[in-house]
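Chemist: Please find one structure pasted underneath; my questions will follow.
The values are calculated or read from the model by the stated rules, or taken from the named source; none is laboratory data. Keep in mind the model is a prediction, meaning the values are calculated, not measured. Using ideal geometry, Cβ is built from the backbone for each residue, glycine included, and neighbour counts are taken over all protein chains shown.
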Amino acid sequence: MSAPLRILLLMHSTRSHNLGVGALSVAEVAILRRVAARLDRPLAITLVDYPDARTPYVTGDDIRIVPLSGRWVKNPRGYWAELRRADAVIDIGGGDSFADIYGRRRLRLMFALKALAHLAGKPFIFAPQTVGPFNRTASRRLARMHLDRCRLVAVRDEPSRDHMYELGVRRPPVLASDVALAMPAGPAPDLPGAGPHVGLNVSGLLMGGGYTGRNEFGVSLDYPVLIDDLIRWFQGQGACVHLIPHVIVPDGPLAGEDDYRACAALAEKHPGTVLAPAFASPPEAKAHIAAMDFFLGARMHACIAAFSTGVPVVPMAYSRKFAGLFGSLGFHRTVDCTASDARTILDAVAEAWHDRDVVATEVRAAHARGLDRLGRYEAALGDTLAAL
């Protein structure tokens, strides 16, 4: 039998409370398994993961999970030993963390992981993700140095590709899309209430004014008031509104980001709404979202779950990653909560609701383009791993 293909996955997660990050990991592992099967190679995946208090939702005989910590990175018997054993490193950057907008501490860790992998001489694969924005001189230089040293670079939208060129990166990337577009859904749920069913993903992060409460995302409207208005409007249309979380944090320092608490408070405030479960895994969340007749939300991967299952969707953006991803695929129903007022957003949502059959057609066409782009990444990944 052929020797196993030993892959080290960075900035993925088997148990993140953010089910969007988890969706990337579930999908990436599925892609790797298909590639390994075509290469007729057994697969041995080591997945470096923060030790969140959640049962892993990426499992299998080919999966080994090691806990990520600063001490482990510095220990020669930790990260360095894993690098020495690996045939290749694949980094997905949590989808959009390869940027300097999330703080220097997170970025320092990311650059340290990348630099040590290059020092170990390991082929480094930059899986489809957002690049930037990088605004600080030092981070721009380090980002360029890293990307120039990667064996394969794939991005999920044109703005990321263009930002690479602004950084001075020499080689063009594979223009792919978000790997979660191909993640399968779990079993369909039994929905309470009469339809039509409207799914509303409420961001606990935006309900609280961002990480600090100081609106660092630059939202241009009163987000909690907008959510109240949307619920009332859809109930006035005779819809059953489902309040659907996608970042589910039971407790701890990140509890302020929890969507479930925000949804539960809204369910009490608005009789007749349905509180969706605190999902255990990304496929379970995707199955619930796929059962909706219409969907809107502020978590991008909640919107991807709708988009990739043919549900008419209006993404409610708070960063450029939304328009970058969906716009790159020719889908232009995203509303911008950092630039538009509430009335403009309500009008756009109402238009999409009344034209939801048209929106569904747009979704199917754009999703097909996304899958085609993902095929480019999978082919390039297969070629890269075959050459090891």
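Chemist: So is Met292 within 18 Å of the chain's Cα centre (by Cα), under 30 Å from Asp372 (Cα atoms) and in the same structural domain as Trp353 (by TED's automatic domain parsing) or not?
Modeler: No.
Chemist: In the stretch 36-80, what residues are among the aliphatic types (A, V, I, L, M) and without any contact (Cβ under 8 Å) to a residue 24 or more places away in the chain?
Modeler: Ala37, Val66, Leu68
Chemist: Within the stretch 140-180, track down each residue that is of a type in the set (Gly, Ala, Ser) and either surrounded by fewer than 21 Cβ atoms within 10 Å (Cβ to Cβ) or more than 18 Å from Ile92 (Cα to Cα) (or both).
Modeler: Answer for the stretch 140-180, where residues must be of a type in the set (Gly, Ala, Ser) and either surrounded by fewer than 21 Cβ atoms within 10 Å (Cβ to Cβ) or more than 18 Å from Ile92 (Cα to Cα) (or both): just Gly168.
Chemist: Shifting gears a bit: From the list Leu68, Leu47, pick out the single residue that is surrounded by 21 or more Cβ atoms within 10 Å (Cβ to Cβ) and either of a type in the set (Lys, Arg) or within 20 Å of the chain's Cα centre (by Cα) (or both).
Modeler: Selected residue: Leu47, the only one of Leu68, Leu47 that is surrounded by 21 or more Cβ atoms within 10 Å (Cβ to Cβ) and either of a type in the set (Lys, Arg) or within 20 Å of the chain's Cα centre (by Cα) (or both).
Chemist: Taking helices (runs of 4 or more DSSP H) that do not extend beyond the stretch 70-173, which have at least 1 residues that are of a type in the set (S, T, N, Q)?
Modeler: Hits in the stretch 70-173: 137-149, 158-167.
Chemist: Out of the stretch 304-321, which residues are in a helix (DSSP H, G or I) and under 15 Å from Ala352 (Cβ atoms)?
Modeler: Ala306, Phe307
Chemist: If you take the residues in the stretch 359-388 that are of a type in the set (Gly, Ala, Ser) and without any contact (Cβ under 8 Å) to a residue 24 or more places away in the chain, which one is farthest from Leu152 (Cα to Cα)?
Modeler: The selected residue is Ala368.
Chemist: Another question, then. For the stretch 258-277: of the residues being buried (at least 22 other Cβ atoms within 10 Å of the Cβ) and acidic (Asp, Glu), which is modelled with the lowest pLDDT?
Modeler: Out of the qualifying residues, it is Asp258.
Chemist: Out of (1) at pLDDT 90 or above; (2) surrounded by 15 or more Cβ atoms within 10 Å (Cβ to Cβ); (3) of a type in the set (A, V, I, L, M, F, W, C); (4) in contact with a Leu (Cβ under 9 Å, 6 or more places away or on another chain), the odd one out for Leu109 is which?
Modeler: Among (1) at pLDDT 90 or above; (2) surrounded by 15 or more Cβ atoms within 10 Å (Cβ to Cβ); (3) of a type in the set (A, V, I, L, M, F, W, C); (4) in contact with a Leu (Cβ under 9 Å, 6 or more places away or on another chain), the lone unmet condition for Leu109 is (1).
Chemist: Still on this structure, please answer the following. Taking the stretch 297-312, which residues are under 16 Å from the mean Cα position of the chain (by Cα) and hydrophobic (A, V, I, L, M, F, W, C)?
Modeler: If the condition is that a residue be under 16 Å from the mean Cα position of the chain (by Cα) and hydrophobic (A, V, I, L, M, F, W, C), then Ala298, Met300, Ala302, Cys303, Ile304, Ala305, Ala306, Phe307 are the ones that fit.
Chemist: Which condition number in (1) surrounded by fewer than 17 Cβ atoms within 10 Å (Cβ to Cβ); (2) not assigned by TED's automatic domain parsing to the domain that holds Arg151; (3) not acidic (Asp, Glu) is the one that Val363 fails?
Modeler: Going through (1) surrounded by fewer than 17 Cβ atoms within 10 Å (Cβ to Cβ); (2) not assigned by TED's automatic domain parsing to the domain that holds Arg151; (3) not acidic (Asp, Glu) one by one, Val363 breaks only (1).
Chemist: Another question, then. Looking at Leu8 and the list (1) surrounded by fewer than 18 Cβ atoms within 10 Å (Cβ to Cβ); (2) touching a residue at least 40 places away in the same chain (Cβ under 8 Å), which single condition is not satisfied?
Modeler: Leu8 satisfies all of (1) surrounded by fewer than 18 Cβ atoms within 10 Å (Cβ to Cβ); (2) touching a residue at least 40 places away in the same chain (Cβ under 8 Å) except (1).
Chemist: Mind counting the residues in the stretch 266-290 that are outside any loop (DSSP other than H, G, I, E, B), in contact (Cβ under 8 Å) with a residue 12 or more places away in the chain and within 20 Å of Ile231 (Cα to Cα)?
Modeler: Number satisfying all stated conditions: 8.
Chemist: Do we have Arg299 as among the charged types (D, E, K, R), closer than 27 Å to Val219 by Cα and surrounded by fewer than 20 Cβ atoms within 10 Å (Cβ to Cβ) here?
Modeler: Answer is no for this residue.
Chemist: Scan (1) under 22 Å from Thr338 (Cα atoms); (2) at pLDDT 90 or above for the single condition Pro187 breaks and write down its number.
Modeler: (1)
Chemist: Pick out the one residue from Ala86, Ala44, Ala36 that is in the same structural domain as Ala380 (by TED's automatic domain parsing) and farther than 23 Å from Pro283 by Cα.
Modeler: Exactly one residue qualifies, and that residue is Ala86.
Chemist: Can you tell me which residue in the stretch 340-388 is modelled with the highest pLDDT, limited to those that are outside any helix (DSSP H, G or I) and more than 30 Å from Gly121 (Cα to Cα)?
Modeler: Selected residue: Asp355.
Chemist: Can you tell me which residue within the stretch 220-245, out of those that are closer than 13 Å to Ala262 by Cα and in a loop (DSSP other than H, G, I, E, B), is farthest from the chain's Cα centre (by Cα)?
Modeler: The qualifying residue farthest from the chain's Cα centre (by Cα) is Ile244.
Chemist: Go through Ala3, Ala99 for me and flag whichever is at pLDDT below 95, buried (at least 21 other Cβ atoms within 10 Å of the Cβ) and more than 22 Å from Asp258 (Cα to Cα).
Modeler: So the residue among Ala3, Ala99 that is at pLDDT below 95, buried (at least 21 other Cβ atoms within 10 Å of the Cβ) and more than 22 Å from Asp258 (Cα to Cα) is Ala99.
Chemist: Tell me, please, whether a residue that is buried (at least 23 other Cβ atoms within 10 Å of the Cβ), touching a residue at least 60 places away in the same chain (Cβ under 8 Å) and of a type in the set (A, V, I, L, M) can be found in the stretch 231-247.
Modeler: The answer is yes; a qualifying residue exists.
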